[in-house]
Amino acid sequence: MDEISELPVVTEVAEEYLNPRQLLDYEDERKDCLRWLLSIGKRPEKGEGYAFGTVKPRSYRMDQFYRWVWEQENGYTANIKPSHADQWTRHLAQTDYSNTHKANCQKSVQMLFKWRHREHGVENWDPSIRFSENSSSQPRDYLTREERGKVRDAALEYGTIPSYSNLAPSEREKWKIHLAQRFSKPKSEISPEDWSRANGWKIPSLVWTSLDAGLRPIEVERAITSWVDTENGVLRIPKEESAKSRDNWIVSLREKTADILSRWLEERELYSKYDGSGAIWLTRENNPYGSHSLKTVIERLCDIADIETENRKMSWYSIRHSVGTYMTREEDLAAAQAQLRHRSPQTTMKYDQTPVEDRQDALDRMG
């Protein structure tokens with residue numbers, strides 16, 4: 001599948017600005033740019049492109065920049081200039097957005113001018129104002145060791161319902177209504193298969209695998225059955241399918257995780273929605289899991305596990321960050337780098353921090 005089809009080539013907001021001819025011109029402009037970025041844009045001299053997970057959010061910010069230029073010019077143009085980018089930077093500087101957001105916007109526009117400079121000979125853009133990102137030597141939010149155990153247990157509880165045989169007829173009717181809503185199908189069509197599906201192994205396998213492998217959301221989305229080697233307790237992720245990677249990766253799994261993943265793959269064969277699909281996990285809407293759907297899962301897991309999330313920024317990356325933190329603690333940076341699939345050891349070094357509970361223990365010993 002062409003990755004361009006999964007990118008916001010022309011956003012709905014941009015489309016409202018354009019007449020049919022302008023729309024066609026803008027669409028061609030965007031496709032040329034995005035294909036170049038994905039194929040060779042990062043290091044053109046080496047034929048190395050940016051990761052899909054990098055291009056997608058930045059493509060939205062490029063589109064936002066184009067629309068801002070159209071408003072300043074009182075009409076459509078694809079002929080953007082460094083002066084436009086300078087004006088937009090001054091505009092951003094006066095907004096209340098975080099420095100991280102401003103820096104990301106600036107990187108996106110620099111990426112756009114890099115393409116225009118390389119492919120069309122347009123003057124490159126060197127910002128006169130630069131925004132520094134809010135940085136930290138340690139991930140802001142991650143699951144503690146205790147919370148990892150709670151989330152692992154919560155995954156086994158997630159979405160479960162009472163056994164059909166243990167329910168009275170009146171209670172079964174109530175649960176049929178629940179399952180009909182959950183699976184978006186008429187109550188009359190609820191079958192024993194749906195009962196088993198509700199207590200299935202999909203969510204436990206997704207959560208336990210991510211707790212071991214530190215899967216990024218884009219990797220959950222891309223994960224296919226050919227990655228899985230339960231006999232040897234590993235995931236084998238090809239370089240072309242791993243985010244931000246030039247290497248094939250072999251990622252370790254716990255024995256229990258491999259067993260649960262094996263149970264899910266066997267169960268998965270019973271569901272017609274997986275026919276012809278290599279995806280390991282699909283949502284009930286038959287879509288791959290993305291950041292939004294995974295955030296819903298982690299929030300529900302925290303509710304079940306009674307994990308306090310107030311004043312914490314919880315996301316699927318909280319699982320990944322916990323893998324990096326404790327793998328570094330238990331083994332070393334090299335082990336964490338391999339498990340998290342980092343190309344550069346510098347990326348892994350942010351996990352070389354003493355976990356908070358270890359520091360608390362030290363304070364207790366200090367008296």
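The values are calculated or read from the model by the stated rules, or taken from the named source; none is laboratory data. Given the structure is predicted, the values throughout are model-derived calculations rather than measurements. Every residue, glycine among them, receives a Cβ derived from its backbone with ideal geometry; neighbour counts consider all protein chains shown.
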Cβ pairs under 9 Å, 6+ apart, first in segment 256-278 and free of Cβ contacts under 8 Å to residues at least 12 places away in the same chain, second among the basic types (K, R) and surrounded by 16 or more Cβ atoms within 10 Å (Cβ to Cβ): Y274/R268
Filter segment 83-132 down to residues that are among the aromatic types (F, W, Y) and not assigned by TED's automatic domain parsing to the domain that holds Q72 and give me whichever is nearest to E29 (Cα to Cα). W125
Selection from segment 219-241 of residues in contact with a Phe, Trp or Tyr (Cβ under 7 Å, 6 or more places away or on another chain) and closer than 23 Å to E147 by Cα yields V220
The conditions are (1) β-branched (V, I, T); (2) at pLDDT below 80; (3) exposed (fewer than 15 other Cβ atoms within 10 Å of the Cβ), and T309 fails exactly one of them. Which is it? (2)
Check on R312, touching a residue at least 60 places away in the same chain (Cβ under 8 Å), over 24 Å from R145 (Cβ atoms) and either more than 15 Å from the chain's Cα centre (by Cα) or part of a helix (DSSP H, G or I) (or both): no
For segment 53-74, indicate whether the set of residues that are among the polar types (S, T, N, Q), more than 28 Å from the chain's Cα centre (by Cα) and in the same structural domain as K114 (by TED's automatic domain parsing) is non-empty. yes
Scan segment 298-306 and give yes if some residue there is acidic (D, E), modelled with pLDDT of 70 or more and in a loop (DSSP other than H, G, I, E, B), otherwise no. yes
Restricting to segment 26-54, name every residue that is more than 27 Å from P217 (Cα to Cα) and surrounded by fewer than 15 Cβ atoms within 10 Å (Cβ to Cβ). D28, E45, K46
Go through (1) surrounded by fewer than 17 Cβ atoms within 10 Å (Cβ to Cβ); (2) at pLDDT 85 or above; (3) of a type in the set (D, E, K, R); (4) within 30 Å of Q87 (Cβ to Cβ) and name the single condition R130 misses. (2)
State whether one or more residues within segment 38-59 are in contact (Cβ under 8 Å) with a residue 60 or more places away in the chain and closer than 11 Å to W115 by Cα. yes
Among the residues of segment 257-295 satisfying the criterion of being outside any helix (DSSP H, G or I) and within 15 Å of the chain's Cα centre (by Cα), which is surrounded by the most Cβ atoms within 10 Å (Cβ to Cβ)? Y289
What's the number of the condition K114 fails, among (1) over 24 Å from R263 (Cβ atoms); (2) of a type outside the set (A, V, I, L, M, F, W, C); (3) in a helix (DSSP H, G or I); (4) free of Cβ contacts under 8 Å to residues at least 60 places away in the same chain? (4)
Run R148 past the list (1) assigned to a helix (DSSP H, G or I); (2) farther than 16 Å from W281 by Cβ; (3) over 24 Å from the mean Cα position of the chain (by Cα) and report the number of the one that doesn't hold. (3)
Can Y76 be described as of a type outside the set (K, R) and under 18 Å from S132 (Cβ atoms)? no
Which one of these does H84 not meet: (1) touching a residue at least 24 places away in the same chain (Cβ under 8 Å); (2) in a helix (DSSP H, G or I); (3) crowded, with 18+ Cβ neighbours inside 10 Å? (1)
For residues that are outside any helix (DSSP H, G or I) and basic (K, R), tally how many sit in segment 6-36. 0
Return the residues of segment 204-232 that are of a type outside the set (S, T, Y) and not in a helix (DSSP H, G or I); say none if nothing qualifies. G214, L215, R216, A223, I224, V228, D229, E231, N232
